[in-house]
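Before any comments, here is the structure.
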Amino acid sequence: MKTKKKTNQEVAKDLINAMFQIAGHDVTFDDVVKESEGYYERYTWSPEQEEQWISWATDYVKKHLKHRSTYADREVAMFNLCYGLRTIFPETEIDNA
């Protein structure tokens, strides 16, 4: 079955919706557009959730934008840099003993 190539706008909306879903937030692209700016400060994800999204997003971009692996990796990395959620790293304890 051949997949119709999606527009960049459709893919961006799908990537953002998946980002919120994987991070466990009950919001969508349309909700964030209504909120205007600042979603980056309100919504976060863990490093594991970010890696899960990157893997999913890379496959999605390859399939729907018909990009090769290297280009899809780059596209997802740039998308994450520009629009990705803020990653919260668990606190690390330093043993001073």
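Rounded to the nearest 10 degrees, the inclination of helix 47-65 to the longest alpha-carbon principal axis of the chain is 10 degrees.
Need one value: the accessible area of THR44 in square angstrom, 1.4 angstrom probe, rounded to the nearest 10. About 40 Å², ignoring ligands and nucleic acids.
What the chain shows is 74 Å² of accessible area per residue, with the surface traced by a 1.4 Å probe over protein heavy atoms.
Based on DSSP H runs of at least 4 residues, each adding -39500 (n - 2.57), what is the mean residue ellipticity at 222 nm of the chain after dividing by all its residues, to the nearest 500 deg cm²/dmol?
-19500 deg cm²/dmol
Let me know the whole percent of all Cα-Cα pairs from the chain that are separated by more than 20 Å. Percent of Cα pairs beyond 20 Å in the chain: 41.
Residues LYS6, LYS34, LYS63 ordered from highest to lowest accessible area at a 1.4 Å probe: LYS34, LYS63, LYS6.
The residues neighbouring TYR43, those whose beta-carbon lies less than 11 Å from its own, together hold a net charge of -2 under the Lys/Arg +1, Asp/Glu -1 convention.
Largest first, the residues ARG74, ARG68 sort by 1.4 Å accessible area into ARG68, ARG74. Using a 1.4 Å probe over the heavy atoms of the protein chains, calculate the carbon and sulfur portion of the accessible area of segment 31-96 as a whole percent. Carbon-and-sulfur percentage of accessible area, whole number: 51.
Over all directions, the projected convex hull of the C-alpha atoms in segment 21-77 averages 4.5 nm² in area.
Available extension along the chain between ASP73 and SER46 is 7.7 nm, counting 0.36 nm per residue and deducting the alpha carbon span.
The values are calculated or read from the model by the stated rules, or taken from the named source; none is laboratory data. None of these values were measured; they are calculated from a predicted model. All Cβ positions, glycine included, derive from the backbone under ideal geometry; neighbour counts span all protein chains shown. Note: accessible area is taken over every heavy atom of the protein model, side chains too, but ligands, DNA and RNA are not part of it. Shrake-Rupley method; radii C 1.70, N 1.55, O 1.52, S 1.80 Å.
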